[in-house]
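Coordinate-derived values only; no laboratory data. All of these numbers come straight from a predicted model, not from anything done at the bench. Every residue, glycine as well, gets a Cβ built from its backbone with ideal geometry; the counts of neighbours run over all protein chains shown.
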Amino acid sequence: MKIEDHLRNIRESLEVIKESIQKGIQERQRSIGFHTSVASVEMLEVFLHKNNLLNPGIILKHEWFSSVRKAKEKLNVDFQNEEEILNLINEIEIKRNLLCYGKPQPVKTIESIIEHFNKLKSLFEEMGLKWN
């Protein structure tokens, strides 16, 4: 997928996350679970592509990030803030299916996913990634 397509998808996910927060995170936990997960992985993919650390034909799978060890094996590259990025994506991915397919979750659980996502987004922004 082209970087422009990833960026368009990231913008869409950011918009859905914002709308979900405005409408009420408990009523939109599925949207938050799905879009924080997909946007996190797409942000990483754009970052790696822009820094020529990932073959343009490779597509990252969100499942890889349910384990930091598995993600490192699949990526097999070193990059700036790798440990922090992989840990944040892992925290989001661990709760993804619970939010997307499980029963209603406590507000604290949903808020923690949003918090991890916002930290990840800020980190990528500090590293020069822009999606607007």
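Brief remarks on what is shown
- Each part gets one Cα centre, and for the range 91-132 versus the range 1-35 those centres are 10 Å apart.
- Between Glu125 and Lys70, the modelled label-to-label distance comes to 3.1 nm, taking each label 7 Å out from Cα in the direction of the beta carbon.
- Highest GNM mean-square fluctuation among Val107, Val41, Val16, for the chain modelled with Cα contacts below 10 Å: Val107.
- Stokes-Einstein diffusion coefficient of the chain, Kirkwood radius over Cα pairs, 37 °C, 0.692 mPa s, in µm²/s: 222
- Local electrostatic count at Ile89 - Lys and Arg +1, Asp and Glu -1, tallied over other residues with Cβ under 15 Å: -1
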